[in-house]
Structures are given as structure tokens and as C-alpha cells.
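Enquirer: Structure in C-alpha cells, see below.
Every read-out reported here was derived from the displayed coordinates using simple, explicitly stated rules and does not represent laboratory data. In this text, all values refer to a predicted model and were calculated from it rather than measured experimentally. In this analysis, Cβ positions are derived from the backbone assuming ideal geometry, glycine residues included, and neighbour counts consider all displayed protein chains.
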Amino acid sequence: PQTLTEAVRSKIEPMKAQVHVVREQFGEEVLGTCTVNQAYGGMRSVKSMVYETSLLDPEEGIRFRGYSIPECQKLLPKAKPAGEQPLPEGLLWLLLTGDIPTESQVQSVCMDLKQRATVPEDVLHFLDRLPHKRLHPMTQFTIAVNLLQRDSRMTEAYAHGAAKSAYWEHCLEDALTLIARLPVIAARIYRNTFHGAKHIPLETTANADDMGKRLARSLGFESTEFDELMRLYLVLHADHEGGNVSAHAVRLVGSALSDPYLAFAAGLNGLAGPLHGLANQEVLRWLLQMKEKLGGRPMTTENLTELCWQTLREGHVIPGFGHAVLRRTDPRYTAQREFALKYLPHDEMFQLVSKLYEVVPQVLEEQGKVKNPWPNVDQHSGVLLRYYGLVESNFYTVLFGVSRAIGTLSSLVWDRALGLPIERPKSVTTQWIRDHFEKR
Ligand code: FCX
């Protein structure tokens, strides 16, 4: 199939049949258990959801529809003529269909998204009037997504009595339109907040054929290296299986048949927390503080170890390290490190990040609390952005959010395609636990 919608359509019946067989065969098997400690402990590692677009292995990291990050970098189509990073549109096809797309299939998604990218003028003007200095860019971002909700095809179709079996298609329509518009929204927020509302004229960005380049150019960056960085960034942050805060929030809210705009806005609100997506902002601040505290002293193991302990003694986490599921270096960190080794090996901030890669795991091991002392995706992204001049770290989580739409909304389409019901796990009280177990 040439169009994404037809490709998804062709997968739905076979997938439903597969789910049917799995449920017939294994429906009453126990998938995961939940101890009292897990119920109090953020449900860590309780297997209780099915999420098709990606799967996280604690040792190896994320796989998108079975493909590791290096495999995606190798197999997904690149920008013409000399791009080396995968196009986010190709990842979108992969996540939605499970297949590596052909060049022409990716081109069709690029064209489709390009045509959907125009944001209504009044929405942009509303954003222009927000108090930019007092509203965090993530707050502006969720406001924007909620404003765009009025265009939801899914909500309109529901109001007109659409059949349940057709929800997925309306959901996909909304997902594609929203994904296409997010770079424009992100750029508007960036230029409003940090560049005196001087916007890049649409004529300059309109001929950018892919989402990564369109994002780069509308933010105001002009180098092909930064285009490549945006493509890589949009691919790496897209999806991280179903249990992380943003993905789970999108699914949870979407399960009430709230449309993709409302569901995604919920995910963004979760992404804005410092233990999740906001960690990328926190990392850059922390790195700059480190540099300041070093005050010209060399970046030796000894000096950096002392500063890491200082962070811990002050009661803070070391941002960009640790993970709820991963138990090794995040491959999303490694992919960004490779980018840095190629394009900015001599950058001082990259060298600080590299040195901390040697130092922090030892400190965290010695502290003896963390289950995973290794760096995650957020440890690396800021120094790359900063190198190219995107220095406003308060904006970094917005970029994470633009990317996260690709994965979470693909998954949401499948939730509707498979007709998953409203989520409603059972909660209990501490008194209930006492009564229940004391009685035994
Ligand atoms: N620095 C200091 N202490 C840390 C730590 C870190 N980087 N990571 C975990 N710990 C602490 C926890 O705070 C917890 O302490 P407590 O028992 O006093 O409450 C203890 O170690 C055990 O936590 P652990 O089970 O290893 O980790 P969790 O699953 O609870 O939390 C996150 C995982 C990611 C939240 C945690 O490692 C953290 O706070 N990291 C720093 C923030 C960060 O980088 N977040 C981004 C993660 C991710 F990539 C993303 O979502 O974008």
C-alpha cells in the first residue's frame, strides 16, 4: 500500500486475529503479579499492559517494532541527497505498521505531513498573546495542543455516531494532523519566548520536505548538521514502551475516548516533570553549574566526584542518570554520543559529559541506592543542542514532546483499532491491605 492509512488498515484484521488467538490460548495465564511493595512502589515492573509499538529490554534498551536503534539508523530511509540519520516519517510508518517503509512510502508520509502542517492563524495569535516570560514553554505547549483540539475529527465523528470499528481511522487522522502541526507550534513558542517574537517567515520553511528539517528551520537554525540532529532527536525520543509516564498518560486518557489532542496534552503534562522529560532541561543546568563550580580547575575524576557528591548531599538526584527499567547505558545516549564524536568531539561541554560518564556511575554505585547508575537519553541531548546555539534549556522538553507524539499517538491508533476498553485498575487502601492479610 502507498498510503499510511491503507497500510494500517491492511494490518488490522490480521492483528485482531492474532490477539484473538493469544487470548483464546493464554487468556487465563498470569502475566505478572503485584506485591504490596509494588503497589506502593509505582507499580515498578508489574506486567499489566499490552503496548505494540515498542518494547524496552532492561539490558539492551528500546526496540521499535523489534528494531534496535542502530538497526533503525541503518534501515530507515534518509533525507536526500546526503542525509545519514533516519527520517522521523519513516519511524512513524514503522511504528504504525510494523514494517520498514520503502523510500516512496516515506515520501508519501513526508508529503502528507507537509500538507497538514498549517496551524490556524488564530491559534498562533493566541499563543503570541501568552505571558511568555511567566509561562514555562511546556505549559505553553499543552495550551497549544488543547487549543488545536477543536479540529478533532475523532470527537466530531463520535458526536455523529461513528461506529466503534471506525474510531481508529479518525484517531489516525487526528494523530497525523497533530504530529504535522507540532513543529510549527514548538517553533512559535520558541521564537515568542526567546527571540522577541521574531518569527521565521513561512516561505523559508515551507519548502523543507521533512519534519526534522522543518522543525530546525522554523526554530531559526540553518545548518544541515542541525537538520540531521533534529531528525535523530525526533527518532530517539519517540517511544519507550507503554509504562513511562507520558505514554501511559496518553493511553489512559485516550481510553476514555478523549480524542488524541486531549490524550496527548495529558502526556505532555507528565513529560513536563523533572523525573521524566524535564530531566533534559535539568541536565544542562546541572552541567553548567558543574562548570561554574569547577571555576577553571581541570575536569579531573577527583574534582568531578566531589561535585557529584555535593549534588547528592544537597538531596538532589543527578539528572540524566538512572532509569526505572533500563539497567545499562541507554542506547539513545549512545546514539547521541556517536553524533557528538562525529560532529563536536572537541566541544568542552561534550568533554564534560564524557568525563561524567566515567565518574557518575561510580559515585552512584558507592551511594548504593540506585538500581541503575548508567546515563539515560536526557544526559546527552542538551549539549548537542547547545553546541548548535539552541542554548535555552527551558525549551528542551518541548522538543522531547514533539518527538513523543510520534510514538504515543501511533500506539493510541492501535488501542482504538483493537477496541481496547477504558482503563480501570482496582485500588485498595492501607486499611484494606491490613484487613485482607491479617485475616489469612
Ligand atoms: N541520582 C540520585 N539518586 C537517584 C538517581 C540519580 N540519578 N536515580 C535514582 N536515585 C535514587 C532514587 O531517588 C531512589 O531514592 P529513594 O529510595 O531515597 O527514594 C533510589 O535511588 C532508588 O531509585 P531507583 O529504583 O533506582 O529508580 P526509580 O525507578 O525510582 O526512578 C528515575 C527512576 C529515572 C526517576 C531516577 O533514576 C531519577 O530520578 N533519575 C534522575 C532524573 C532523570 O534522569 N530522569 C529521566 C529518566 C528518563 F530517561 C526519562 O523519562 O526521560
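Enquirer: Can you flag which of K16/K213; K133/K369; K11/K78 are past 27 Å Cα-Cα?
Expert: Cα-Cα > 27 Å for K16/K213; K133/K369; rest within.
Enquirer: Note down the relative contact order for the chain as a percent, whole number, built from C-alpha pairs under 8 angstrom at least six residues apart.
Expert: The normalised contact order for the chain reaches 21 percent.
Enquirer: Provide the per-residue ³J(HN,Hα) series for the range 74-82, in order, calculated from phi with Karplus coefficients 6.51, -1.76, 1.60 and θ = phi - 60°, each as a whole number of Hz, with x at glycine and proline positions.
Expert: 7, 8, 6, x, 10, 6, 7, x, 10
Enquirer: Can you compute the modelled spin-label distance between H316 and D57, with each label point 7 Å from Cα toward Cβ, in nm?
Expert: Distance between label points: 3.5 nm.
Enquirer: Another question about this same structure. Taking amide H positions as placed 1.01 Å from N in the peptide plane, with prolines and chain starts having none, which residues 5 or more places from F321, or on another chain, fall under 5 Å of its amide H?
Expert: Hits under the 5 Å cutoff: N376.
Enquirer: Which is farthest toward the positive dipole end of the range 279-387 among Q367, L356, L341, measuring Cα position about the Cα centre, with Cβ charges +1 (Lys, Arg) and -1 (Asp, Glu)?
Expert: L341
Enquirer: A further question follows. Considering only G66, V8, Q379, whose Cα is most displaced toward the positive end of the charge dipole of the chain, charges sitting on Cβ of Lys, Arg (+1) and Asp, Glu (-1)?
Expert: Of G66, V8, Q379, it is Q379.
Enquirer: A further question follows. What's the FRET efficiency of E423 with K371 using the Cβ-Cβ distance as r and R₀ = 22 Å, to the nearest 0.05?
Expert: Computed FRET efficiency for E423 and K371: 0.25.
Enquirer: Output the DSSP H helices from the chain with an along-axis C-alpha extent of no less than 27 Å and a mean Kyte-Doolittle hydropathy no less than 0.0.
Expert: 167-194, 348-367, 396-417
Enquirer: Another question, if that's okay. Add -39500 (n - 2.57) for each DSSP H run of 4 or more in the chain, then divide by its residues: what number comes out at 222 nm, to the nearest 500 deg cm²/dmol?
Expert: Helix-only estimate at 222 nm: -19000 deg cm²/dmol.
Enquirer: Give me L341, L147, L55 sorted ascending by neighbouring Cβ count inside 10 Å, so fewest comes first.
Expert: L341, L55, L147
Enquirer: Still on this structure, please answer the following. Taking H placed 1.01 Å from N in the peptide plane, check which residues at least 5 places from D57 or on another chain put their amide H under 5 Å from its amide H.
Expert: Correct list: I62, R63.
Enquirer: Looking only at the range 169-190, which residues have a backbone nitrogen under 19 Å from a spot 7 Å from the Cα of R9 in the C-beta direction?
Expert: Of the residues in the range 169-190, 169-177 have backbone N under 19 Å from the label point off R9.
Enquirer: In whole Å, how far is the Cα centre of the range 1-42 from that of the range 418-440?
Expert: After rounding, the separation between the Cα centres reads 22 Å.
Enquirer: How high is the FRET efficiency between Q2 and T118 when r is their beta carbon distance and R₀ equals 35 Å, given to the nearest 0.05?
Expert: 0.90
Enquirer: For a footprinting-style exposure proxy, rank W93, W432, W374 by other Cβ within 10 Å, fewest first.
Expert: Neighbour counts put them in this order, fewest first: W432, W374, W93.
Enquirer: Using 7 Å Cα-to-Cβ label points, what is the H346/T35 separation (nm, one decimal)?
Expert: Simple spin-label model gives 5.4 nm for this pair.
Enquirer: Here's something else I'd like to know. What is the packing order of peptides 119-126, 215-222, taking the mean over residues of other C-beta atoms within 10 Å and listing the highest first?
Expert: Descending packing order for the listed peptides: 215-222, 119-126.
Enquirer: Also: Give the order of K198, K426 when sorted by the count of other beta carbons within 10 angstrom, beginning with the fewest.
Expert: Result, fewest neighbours first: K426, K198.
Enquirer: Using the beta-carbon distance between S223 and H436 and R0 = 60 Å, what value does 1/(1 + (r/R0)^6) give for FRET efficiency, to the nearest 0.05?
Expert: The pair S223/H436 has a calculated efficiency of 0.45.
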